[in-house]
Structure formats: structure tokens, C-alpha cells
Amino acid sequence: MTTLSDRTVLITGAASGIGRALAYGLAEAKCHLALVDVNAQELAETAANCAQGQRITTHTVDVSDRDAMAALPATIQAAHGGVNVLINNAGITVEATFHEHTLEDWDRVIGVNLWGVIHGCHFFLPQLMAADEAHIVNISSIFGVMGVPGNIAYCASKFGVRGLTETLWEEFEGSHIHVTAVHPGGVNTNIVQSSRHADQATHDKIAAFFERKTMAPERAAAQIIEAIRANSPRLVITRDAIMADRLKRMMPVRGNRIFAKALVKAMGLAEE
């Protein structure tokens with residue numbers, strides 16, 4: 001974008017993790033913010049800790065709820081006059097193999113991670129089209145590039161976000177709407193801690209790995225903000241994710257297997 005100052009940015013999943021860090025960074029860049037999450041208390045904390053001086057509103061909405069998302073643009077229009085940047089960041093996961101996933105798990109993960117992105121893009125497209133300059137950021141994952149055991153619904157949803165976003169690249173090519181697909185590797189958010197899991201011991205090992213070995217969300221947010229400024233179509237975050245992305249492109253099947261086995265070993269799960 002030519003400038004972020006005085007632009008209005010809507011961020012889903014803004015109560016914690018990358019979403020919260022994006023809110024802080026964009027407030028510092030003098031953006032007006034519409035912050036969306038299901039957790040009203042933590043969302044209020046995000047807003048309270050943002051740099052002041054801009055319009056900051058909070059909206060307690062489940063992005064998988066179609067009716068609630070359909071009603072949200074009118075609220076944002078009344079408060080901000082529309083949005084310039086849409087960041088579809090909200091995400092959840094389930095730690096379980098395919099046979100351990102319930103259909104309710106699938107509904108919830110696909111509902112938030114994929115339908116949430118579709119809802120955001122669909123319902124806010126009129127405001128983005130009316131803006132002089134606009135940007136869509138869809139947060140996928142390196143798990144939207146690689147299939148990883150124990151994360152099947154999450155991988156499926158993030159592959160879906162990737163496909164949606166890469167198609168939007170082509171549909172909006174040459175227009176005033178820019179689109180960025182973001183594929184983070186390990187970032188220290190609360191997505192693991194809050195996940196449903198099939199096995200407590202496995203969950204504890206994964207949580208410990210994320211606590212020790214992953215990137216701070218503030219660093220990830222800073223890279224995303226720079227990608228918006230540069231109108232970058234694709235951003236892969238963390239060194240390990242960049243290596244995995246290259247490996248997958250060179251060896252689609254064997255590279256996937258190498259990455260998956262290395263990740264399982266790094267998390268201390270190789271014996272399980």
C-alpha cells in the first residue's frame with residue numbers, strides 16, 4: 001500500500017497471538033482498527049494496550065457464524081466508514097489423527113479456519129472494492145503447504161486457504177485490491193494450548209516445543225505488516241518454514257515425508 005497511516009484495518013483473531021501483535025504494530029503505524037474475536041475479555045485487553053490516537057473498535061464475533069459475519073460490515077461501516085485492509089487471521093486446531101477426529105472437529109476447524117476466511121472475503125468485498133486502495137491478507141500456514149500427521153483438519157483447512165488466496169491473486173490481478181497469502185511456521189501463539197487433543201502427553205510435548213522453539217508473534221506480525229506495505233503476494237515466515245517450502249517444491253512427495261518426520265522428531269514424538 002502507498003501508506004498505512006489513517007487506513008482502516010480489520011483483524012480477525014485479534015485477542016491473542018499474531019492477531020494481537022498485528023493490532024499493536026498497525027496501531028503504531030497509525031492505522032484505525034476493527035478488532036474481531038470470540039473472546040471479549042482478551043479482545044478488550046488488546047484494544048486497551050494498542051497505541052492510542054486512532055479509532056479502535058472491538059467486535060465479539062465468531063467468524064464461522066455466517067449470520068454474525070453478514071451483519072458485521074454494516075457495524076464496521078458505521079464506525080469506520082469501511083475497511084482498507086482485511087486480515088483473516090482467526091484459527092484453531094485439533095491435535096488428533098484422522099480416525100480420532102470427530103465430524104464435529106471437522107465442522108469447527110473448517111468453520112473457523114476456512115469458512116471464516118471465506119466469510120471475511122465475501123462480506124467485506126464491497127467495502128474493499130469501494131476503497132481507493134485495498135489489501136486482503138489470508139493467514140494460511142506451512143501446514144497449508146505440507147501435510148503433517150496429527151493435524152489433518154488443520155492442514156486441510158489451511159490448504160483450502162492457500163487455494164482460495166492464490167485464486168484471488170489471479171482474479172484481482174491489475175486491480176486496486178492486493179492479496180497476500182501468509183504461511184507461518186512455528187509461531188508462539190496460544191493455538192496449541194487451546195486446542196482439543198486426543199492425548200495429553202503428546203499435547204504437553206507439542207506445547208513445550210512451541211514454548212521453546214518458535215518465533216515470537218511480534219516478529220511474525222512485523223513481517224506481515226511489511227508484506228502489506230510492499231503488496232507482496234506471498235510470505236513464508238520462519239527459517240524452518242522457508243526450508244520446508246523449498247523442499248516441498250523440489251520433492252513434492254519425498255520432501256513432505258522428510259519434513260513431517262523431522263517435525264515429529266523435533267517435538268519429541270518420534271517414538272509414538
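What the table below lists for this structure:
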quantity: Helix 254-266 vs. the chain, principal-axis angle (Cα, 0 to 90°, nearest 10); calculated: 80 degrees
quantity: Whole-Å distance, taken between Cα centres, linking region 62-130 and region 4-48; calculated: 16 Å
quantity: Helix 66-80 axis, angle to the chain major axis (alpha carbon atoms, nearest 10°); calculated: 40 degrees
quantity: Computed accessible area, H101, all protein chains, 1.4 angstrom probe, square angstrom; calculated: 20 Å²
quantity: Heavy-atom accessible surface of region 26-76: percent carbon and sulfur, 1.4 Å; calculated: 46 percent
quantity: Accessible surface ranking that places the most exposed of I118, I177 first, with a 1.4 angstrom probe; calculated: I118, I177
quantity: Where K248, K30, K261 fall by accessible area, highest first, once all protein chains stay in place (1.4 Å); calculated: K261, K30, K248
quantity: Choice from Q54, Q223, Q41 showing the highest fluctuation, given a GNM over the chain with Cα pairs closer than 10 Å; calculated: Q41
quantity: Residue-normalised accessible area of the chain, given per residue in Å² at a 1.4 Å probe; calculated: 45 Å²
quantity: Fraction of accessible area attributable to carbon and sulfur, region 101-150 (%, probe 1.4 Å); calculated: 69 percent
quantity: Cα long-axis angle, helix 217-230 against the chain (0 to 90 degrees, to the nearest 10); calculated: 50 degrees
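The values are calculated or read from the model by the stated rules, or taken from the named source; none is laboratory data. None of these values were measured; they are calculated from a predicted model. The accessibility values were calculated without ligands, DNA or RNA, using every heavy atom of the protein model including side chains. Shrake-Rupley method; radii C 1.70, N 1.55, O 1.52, S 1.80 Å.
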